[in-house]
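Bear in mind that the values in this text are calculations on the coordinates, not laboratory data. Just so you know, these numbers come straight off a predicted model, no measurement behind them. Cβ sites come from the backbone with ideal geometry, for glycine too, and all protein chains shown count toward neighbours.
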Amino acid sequence: MLNSDYVRVEHLSHRFHLTRKIAIDALKDVSFAIDRGEILGLVGESGSGKSTVARCVMGILKPTGGRVIYDGIDVNAAKLSRDENVRLQKERQIIFQDSGSALNPRMSVRRILSEPLDIHGLSRDREAREKLLIQNLDFVGLDPGVLESRPGELSGGQRQRVSIARALLMKPKLIVADEPIASLDVSIQAQIVNLFKHLQAEHGFTFLFIAHDLAMVEFLCDRVGVMSKGRLVELAPTRQLYDSPQHPYTKALLAAMPIPDPRRERSREIPVYHAPEYVTRQEWTRVGFDHYVLMER
Amino acid sequence: MSNLLEINDLSVSFDTPEGEVQAVRDVSLSLPEGKVLALVGESGCGKSVLCRSVMKLLPRTAKIKSGSIMADGVDITNYGERDMRKLRGRMFAMVFQDPMTTLNPVMPVGDQIAEAVRVHNRRISRTDAHRRAVEMMELVGIERAEERSRLYPYNFSGGMRQRSVMAIALASNPRILFADEPTTALDVTIQAQILDLFREIQATLHTATLFVTHDLGVVARVADLVAVMYAGRIVELGTVEDIFYDPRHPYTWGLLQALPAWSRGRDMLNAIPGMPPSLIHPPRGDAFACRNPYALGIDYLEQPPMFRISETHSAATWLLDPAAPKVQSPIHGGPHAEQ
Ligand SMILES: Nc1ncnc2c1ncn2[C@@H]1O[C@H](COP(=O)(O)OP(=O)(O)OP(=O)(O)O)[C@@H](O)[C@H]1O
Ligand SMILES: Nc1ncnc2c1ncn2[C@@H]1O[C@H](COP(=O)(O)OP(=O)(O)OP(=O)(O)O)[C@@H](O)[C@H]1O
Ligand SMILES: [Mg+2]
Ligand SMILES: [Mg+2]
């Protein structure tokens, strides 16, 4: 599972202390790796820790256990060289879940997009800058007219696309996309998913793609990891996972995949998954080529 | 069956330095008691503005240009803020699109739900309101609800926030519910449970729901009726069966074909090429014409009227004019028929 050197997530654990007495174990011993140029999907229960993984990979959150290695650099190391810091900032970009509402409401879209370029001193020439902004807006299906708008004047999906454009502008090598397309209509979802595929194929971008839309994940991702209750419970090449899911949670999840056909969708019962109250010892077990499942011993 | 909400020829515009943004144009909709109407359509086509204009929650730059809004038989088109405040939380409730902008970041989530309970029922004690809030949190599937009720929104995952916003909306037992993409952050198993909960509430309380969503699987599960919107207008309206099995508007065809199911085994998905028009100077004819492979000459000149296809089904496309050439729907037979 850890045969790649590009992004390595090693025994990641995180505990949020809410009060002195209450704590939530958001992550429990999560390990996986992402290959260069790969699109790895992460799906799973709401609250299972997907966004926490994303934040740890980006170094926004310091895990209470384990570590994340990005291209040889320990993301949470206390001391990093200047060069390493710059690389971490430039080469990784995150598209946040609900990121539309994280945009500064007082800034115009032009300033929102320009800011990261200014920080890194990129594309200083005015004409080239303008062209770059327009090109990236076009990637996400937005008209150059939005450059003068403020976030409050845009629809939810338009704001989300501004965040996607901002992440892409930096030409990162790794994009951590936390639910990037859930708020977009299916046609624009298709456009963005096509764009991600193109960026992967033509420019070798690597993606950690977190989503609830299992059909999109199936279409886009090379491999998929499934999370439940803070643990990674299954990891496999996409086809393999969808054709023969092994973990009971993965099975329940795939069985609940909505079908865009009213008669079929309404006539089916959706299974409810109940996690076992007490877990005995669990172990990662290889069940097929590159296919791993967390199994009870 | 009576219509709880009736919208007639509603047009809403924003005044901006660049010009008048015509976000909602001549929209007519009826929402019967006990039914779920799903509103689907391109990002930026006016779905949220439509909901907000009924709730009168628009910024000052917005104006209702024409049309009328009837809620439970009463004309509320010209209601001011004071009248509306009485209606919100009893007649209407809304689940907003961005949970983070609805929730108060510095107030425990349980207190926020309890507040909504108290708006509906002034006589309830604080402890009972809190107990009810925890029940609501459990109802929408938040685990360890008692503990979590004392936490702040930033302690919640995306899906938990979304469910809290839903609990707030449901706490007041509204007669008309606007749910603006209420399940986008939920995994499919919880989503299915919440959708079934919606239908249950629907059946027992006869709430009328306007459900905005992009997920056609969700539409298939919850909706009785579907309205398809494009560039501020409703372009197709029908029962859920009409829209999925016999869609007539080329934009509806485009939406259905963009689903991954239509691209199995291919490299790229079928996005509709091009962009929606600017709403500052929307084109004269059918706003979808320049992206429509089936466009006729007249589409560029004149806005098509709503053509009636059946008792329940209508669509605004010149293809339905008796004089138009016959076009075979590409949707015919489902995603796997053509291969
Ligand atoms: N800042 C925080 N303080 C306390 N608890 C937190 C915080 N952020 C997340 N949590 C908790 O950690 C757990 C994992 O949350 P996370 O946001 O990673 O879930 P997720 O898998 O992204 O869920 P979703 O699909 O709903 O977005 C949840 O139980 C959540 O309540
Ligand atoms: N305050 C505002 N000032 C100017 N224009 C606005 C304002 N709010 C919304 N608009 C514009 O009105 C149009 C409709 O916006 P609305 O939020 O209703 O879209 P939507 O259909 O809900 O889209 P999404 O699916 O992306 O949420 C958009 O083109 C948007 O840019
Ligand atoms: Mg999340
Ligand atoms: Mg909206």
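Laid out as a table, the results:
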{"read-out": "For A:194-203, mean number of other protein chain Cβ atoms within 10 Å", "value": "1"}
{"read-out": "For peptides B:81-88, B:200-207, B:163-170, A:69-76, sequence by mean Cβ density within 10 Å, most packed first", "value": "B:163-170, A:69-76, B:200-207, B:81-88"}
{"read-out": "Simple spin-label estimate for residue B:284 and residue B:81 in nanometres, 7 Å along Cα-Cβ", "value": "4.2"}
{"read-out": "Magnitude of the charge dipole, segment A:87-130, Cβ model with Lys/Arg +1 and Asp/Glu -1, debye to 20", "value": "100"}
{"read-out": "Average beta carbon contacts from partner chains per residue of A:250-261, 10 Å cutoff", "value": "5"}
{"read-out": "Efficiency of FRET from Cβ geometry, residue A:127 and residue B:203, R₀ 45 Å, rounded to 0.05", "value": "0.15"}
{"read-out": "Computed FRET value (nearest 0.05) for residue B:267 with residue B:9, which takes r as the C-beta separation and R₀ as 51 Å", "value": "0.70"}
{"read-out": "For peptides B:209-217, A:22-30, sequence by mean Cβ density within 10 Å, most packed first", "value": "B:209-217, A:22-30"}
{"read-out": "Gyration tensor verdict on segment B:119-197 (Cα atoms; rounded if a/c is under 1.5, prolate if a/b is larger than b/c, oblate otherwise)", "value": "oblate"}
{"read-out": "Whether segment B:242-320 is rounded, prolate or oblate, judged on the alpha carbon gyration tensor where a/c under 1.5 counts as rounded", "value": "oblate"}
{"read-out": "Between segment A:63-121 and segment B:150-192, the Cα center-to-center distance that results, in Å", "value": "29"}
{"read-out": "Taking segment A:7-296 and dividing mean pair separation by its residue count, relative contact order in percent (alpha carbons under 8 Å, at least six apart)", "value": "22"}
{"read-out": "Out-of-range pairs (alpha-carbon distance over 29 Å; input A:90/B:47; A:21/A:251; A:173/A:251; A:50/A:131; A:28/A:251; A:28/A:171)", "value": "A:90/B:47; A:21/A:251; A:173/A:251; A:50/A:131; A:28/A:171"}
{"read-out": "Separation of alpha-carbon centers, segment B:56-77 and segment A:149-165, rounded to whole Å", "value": "25"}
{"read-out": "Inter-chain Cβ neighbour average for residues A:171-177, partner chain, 10 Å", "value": "0"}
{"read-out": "Theoretical ellipticity at 222 nm over the protein assembly as shown - DSSP helices of four or more residues, -39500 (n - 2.57) apiece, nearest 500", "value": "-9500 deg cm²/dmol"}
{"read-out": "Reach of residue B:63 by Cα under 19 Å, taken over aspartates and glutamates that are not fewer than 8 positions away in the same chain", "value": "A:153, B:6, B:9, B:15, B:18, B:20, B:26, B:75, B:81, B:83"}
{"read-out": "Centroid-to-centroid separation of segment B:98-145 and segment B:207-223 [C-alpha atoms, Å]", "value": "24"}
{"read-out": "Residues whose placed amide H lies under 5 Å from that of residue B:151, excluding near-sequence neighbours", "value": "B:109, B:110"}
{"read-out": "Three-way shape call for segment A:42-116 based on the alpha-carbon gyration tensor, with the a/c threshold at 1.5", "value": "oblate"}
{"read-out": "Ellipsoid semi-axes in whole angstrom, largest first, where each is sqrt(5λ) of the Cα gyration tensor of the protein assembly as shown", "value": "38, 30, 26"}
{"read-out": "Value in Å of the Kirkwood radius, where chain B supplies the Cα pairs that are averaged", "value": "21.2"}
{"read-out": "FRET efficiency, 1/(1 + (r/R0)^6) with R0 45 Å, evaluated for residue A:135 and residue B:107 via beta carbons", "value": "0.60"}
{"read-out": "Order by protection proxy (mean Cβ within 10 Å, highest first), peptides A:117-129, B:181-193", "value": "B:181-193, A:117-129"}
